[in-house]
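Some notes on the structure that comes next.
Values in this text are rule-based calculations from the coordinates and carry no lab data. Since we're looking at a predicted model, the values are computed, not measured. Positions of Cβ are generated from backbone atoms using ideal geometry, with glycine treated the same way; all protein chains shown enter the neighbour counts.
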Amino acid sequence: DTAVSQTPKYLVTQMGNDKSIKCEQNLGHDTMYWYKQDSKKFLKIMFSYNNKELIINETVPNRFSPKSPDKAHLNLHINSLELGDSAVYFCASSQGLTGKGNEQFFGPGTRLTVL
Amino acid sequence: GEDVEQSLFLSVREGDSSVINCTYTDSSSTYLYWYKQEPGAGLQLLTYIFSNMDMKQDQRLTVLLNKKDKHLSLRIADTQTGDSAIYFCAAAGGSYIPTFGRGTSLIVHP
């Protein structure tokens, strides 16, 4: 059973397009995250949702919009894709933000390539 | 904000011990983590330590924390080729959201 799953695994698209990446976790966690990992492996948090509410929104262009239809899902929609958006996007989840709840479980990643 | 630094590469011979080092800047960091990323995969939590501990051992893994110097290390005993991966150090303080280092690529050769 996959704990945190993402679709698609690979996404190749043209500049200017709009695309979505989906994330689902079956761990019963109440907090979910999106991270961006660039070509130098630098991992940077983008968003965090707790019980479907946005709690962290780092300096991310407003072309990126997360949506959490329920606690088990956190999708990432990207408008007007740019070359610099090419990266691997990781979804993660944890049970709360405190104590051992900060143990994050990561999905396998979505490699986005913008041409 | 928090800044976490790691060396980028470490090469060891199979059977030797590996030591991966990490420094962080926020003295209020409460939780310190080591994650492993294998090629084409997501990050997997290896171990973590609370700031009130100075050592934690888990089978082949030993984590040492020097809170005064804000220095964290991960020692892997009897390193195997399957340990080849990128190892990320992460520190979390009041916000409980971890800040990750850039990762150390561990290369294990026969």
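Largest GNM mean-square fluctuation among A:Lys41, A:Lys67, A:Lys52, using chain A with Cα springs under 10 Å: A:Lys41. Counting only Cβ charges, +1 for Lys and Arg and -1 for Asp and Glu, the dipole size of segment B:4-110 around its Cα centre is about 180 debye. For chain B, the relative contact order comes to 39 percent (Cα pairs under 8 Å, sequence separation of at least 6). Of the residues A:Pro66, B:Tyr31, B:Ile49, the one whose Cα sits farthest towards the positive end of the charge dipole of the protein assembly as shown is A:Pro66 (charges of +1 on Lys and Arg Cβ, -1 on Asp and Glu Cβ, taken about the Cα centre). Comparing B:Gln80, B:Cys22, B:Ile107 along the charge dipole axis of chain B, the residue lying farthest to the positive side is B:Cys22, per the Cβ-charge model.
Taken about its Cα centre, the protein assembly as shown carries a charge dipole of about 180 debye when Lys and Arg each add +1 at the Cβ and Asp and Glu each add -1 at the Cβ. Largest mean-square fluctuation among A:Ile78, A:Ile21, A:Ile56, in a Gaussian network model of chain A whose springs join Cα atoms under 10 Å apart, belongs to A:Ile56.
The three principal axes of the Cα atoms in chain B give end-to-end lengths of 42, 27, 19 Å, sorted in falling order. Along its principal axes, chain A has C-alpha extents of 41, 29, 28 angstrom, given from the largest down. Taking one quarter of the surface of the C-alpha convex hull of the protein assembly as shown gives a mean projected area of 12.3 nm². Per residue of peptide B:97-105, the mean number of Cβ atoms on other chains within 10 Å of the residue Cβ is 5.
A simple rule links phi to the HN-Hα coupling: the Karplus curve 6.51 cos²θ - 1.76 cosθ + 1.60 with θ = phi - 60°, which for segment A:43-57 gives 9, 10, 6, 10, 9, 9, 10, 10, 6, 6, 10, 5, 10, 9, 9 Hz, with x for Gly and Pro. Here the Debye sum runs over all C-alpha atoms of segment A:1-62 as equal scatterers in vacuum, and log10 of I(q)/I(0) at q = 0.18, 0.26, 0.28 Å⁻¹ comes out as -0.87, -1.34, -1.33.
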